[in-house]
Amino acid sequence: MIDPATSEPPRGDSPLWNDDLAPAGAGRRTWSMWHIAALWVGMAVCIPTYTLAASMIGAGMLWWQALLTVALGNLIVLIPMVLNAHAGTKYGIPFPVLLRASFGTLGANVPALMRALVACGWFGIQTWIGGSAIYTLHAVIFGFEPAGAGDLIPVIELSWGQLGCFSLFWVVNLAIILMGIESIKWLEVLAAPFLLVIGLALLAWGIVTAGGIGTVFSPATVDVIRGARGADWDFWATFWPQLTAMVGFWATLSLNIPDFTRFARSQRDQALGQLIGLPATMALFAFIGIAVTLSTVVIFGEAVWDPVQLLGRFDDAVVVGFALFCLTVATLSTNLAANVVSPANDFSNLAPRLISFRAGGVITCAIGVAIFPWRLFNDLGNYIFTWLIGYSALLGAVAGVMLADYWVIRRARLDTEALYDPRGEYSYGGSGWNWRALAALTAAILPNLPGFLSAASNGSIDVLPGLHFLYPYAWFVGLGIAFALHLLLTLMAPPRRA
């Protein structure tokens with residue numbers, strides 16, 4: 001076994017090795033606690049976080065109940081986040097390489113691509129949001145009207161202005177990707193304090209302009225944005241689905257967090273950095289979203305949840321320009337860290353000798369355009385909160401297998417060199433597939449699948465309705481089943497070395 005902190009496995013002719021997937025040596029371990037915290041600030045400050053409490057309040061929750069649900073969900077997801085991050089820091093390996101230990105050198109591609117799929121969806125949406133901010137900025141400054149239906153380009157259904165702004169923001173993302181992971185690190189470090197100051201300034205504007213915090217949080221104001229609460233409204237029936245959705249919001253990052261913590265200086269840095277950066281930022285920015293939206297009820301007479309629409313109501317071009325610049329930075333910092341790094345590594349893992357991290361990033365960017373995210377954005381609530389977050393909740397099963405394998409079965413001990421050996425311990429007899437992990441993954445996803453399909457299709461797909469009651473707890477159910485079943489199958493049929 002090699003020392004992952006000081007050396008790398010020999011290159012040889014292994015098809016499982018390339019420079020980007022190799023263990024990070026001492027020279028690349030430059031991320032301190034504050035770098036990790038800044039990473040989370042940069043990812044958490046985004047439009048979906050700002051609007052996160054909207055669905056909870058719309059479902060009948062009080063604003064403070066929604067805020068507590070956000071905070072609790074992030075504390076829960078922080079647990080697998082820190083535990084999965086441990087292997088990245090200890091061995092310097094990225095997410096798809098860590099998956100080889102539990103799923104096999106080839107089987108790792110199954111959960112890796114499951115993770116990559118949702119990241120491509122998020123990338124497309126966030127890129128469209130960033131492009132929309134640029135387009136809105138130009139519309140306010142130069143005073144032109146948004147494109148009408150007759151001005152749209154056939155097939156893609158965008159105006160030339162919208163297409164140009166989307167393309168501009170897409171190119172900026174691509175350029176930073178091509179500069180490598182260190183450029184993303186410094187973007188997050190520079191963006192984090194800037195975004196926090198801007199968020200607090202927006203909060204101050206809303207409260208002062210609306211006439212004070214008492215006016216903003218008055219019952220009359222809150223009732224305007226809260227959904228109808230009948231006599232039979234059940235808090236717990238609302239709470240559990242919303243909590244699962246909140247956990248699902250970062251469930252994907254709880255899997256691929258080794259992609260970042262492989263560069264951390266120590267376990268203390270990665271653990272404290274995440275504790276400082278994730279729950280507090282998510283709760284703060286969700287609160288800013290709630291408070292500013294309540295302020296818009298007083299200021300404009302209606303709730304304006306979308307910050308892009310809110311900024312479009314200002315008359316001062318300088319104010320709008322600066323604010324939308326901030327929004328663009330926030331979207332860029334989230335998009336690159338949360339939605340590009342993982343799929344870039346995951347696609348690279350498919351064929352390490354042919355696909356580098358940069359090539360994987362280009363593939364992610366291409367898919368982000370191919371899904372036509374502007375069409376999905378028209379139904380943003382359903383797409384983000386039903387499809388993307390619902391799909392993410394299903395990935396609790398992947399976390400269950402990873403945690404059971406690394407912490408219980410292997411006691412946090414890995415043979416780093418064997419992770420890159422197609423005939424080694426993690427080839428599971430030479431096939432490259434660990435059927436135990438794949439069986440546990442499948443068995444853990446299946447009970448939640450009927451409820452997910454029903455929710456994602458608005459009830460048009462109704463398969464095994466007797467299992468729909470599990471879906472509000474999908475992440476917890478999937479993690480628990482996968483964890484237990486992977487342990488059981490490994491004990492019953494221990495894998496043999498090749």
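FYI, it's all coordinate maths here, none of it is from the lab. Remember, predicted model here, so these are calculated numbers, not experimental data. Every residue, glycine among them, receives a Cβ derived from its backbone with ideal geometry; neighbour counts consider all protein chains shown.
Here are the numbers:
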{"read-out": "Percentage relative contact order, the chain, counting C-alpha pairs under 8 Å, at least six apart", "value": "31 percent"}
{"read-out": "Residue-by-residue Karplus 3J(HN,Hα) for segment 482-496, coefficients 6.51, -1.76, 1.60, Hz, glycine and proline x", "value": "5, 4, 5, 5, 5, 4, 4, 5, 5, 5, 6, 9, x, x, 9"}
{"read-out": "Pairwise label distance in nanometres, L190 with R229, each label 7 Å out on the Cα-Cβ vector", "value": "4.6 nm"}
{"read-out": "Unit charges at the beta carbon, dipole of the chain: most positive-side option, F260, W236, G212", "value": "F260"}
{"read-out": "Ordering of 216-223, 440-447, 252-259 by burial proxy (mean other Cβ atoms within 10 Å per residue, highest first)", "value": "252-259, 440-447, 216-223"}
{"read-out": "Per-residue HN-Hα couplings for segment 13-19 [Karplus 6.51, -1.76, 1.60; θ = phi - 60°; Hz; x = Gly/Pro]", "value": "10, 5, x, 9, 10, 8, 4"}
{"read-out": "In Hz, Karplus ³J(HN,Hα) per residue of segment 353-366 (6.51, -1.76, 1.60; θ = phi - 60°; x = Gly, Pro)", "value": "6, 10, 10, 8, 4, 5, 5, x, x, 5, 4, 4, 5, 5"}
{"read-out": "Computed E for L446/E302 - FRET, C-beta separation, R0 56 angstrom, nearest 0.05", "value": "0.80"}
{"read-out": "Structure-derived Cα Rg over 2.2 N^0.38 Å: which label, when the choices are (1) 1.22; (2) 0.98; (3) 1.45", "value": "(2)"}
{"read-out": "Peptides ranked, highest mean first, by Cβ atoms within 10 Å: ranges 45-57, 403-415", "value": "45-57, 403-415"}
{"read-out": "Computed lengthening from I461 to R265, 0.36 nm per intervening residue step minus Cα-Cα distance", "value": "65.7 nm"}
{"read-out": "Pairwise label distance in nanometres, V369 with L488, each label 7 Å out on the Cα-Cβ vector", "value": "4.8 nm"}
{"read-out": "Test item: Cα-centred dipole of the chain, Lys/Arg +1 and Asp/Glu -1 on Cβ, debye", "value": "1360 debye"}
{"read-out": "Ordering of 287-295, 201-209, 320-328, 90-98 by packing [mean C-beta count within 10 Å, highest first]", "value": "90-98, 287-295, 320-328, 201-209"}
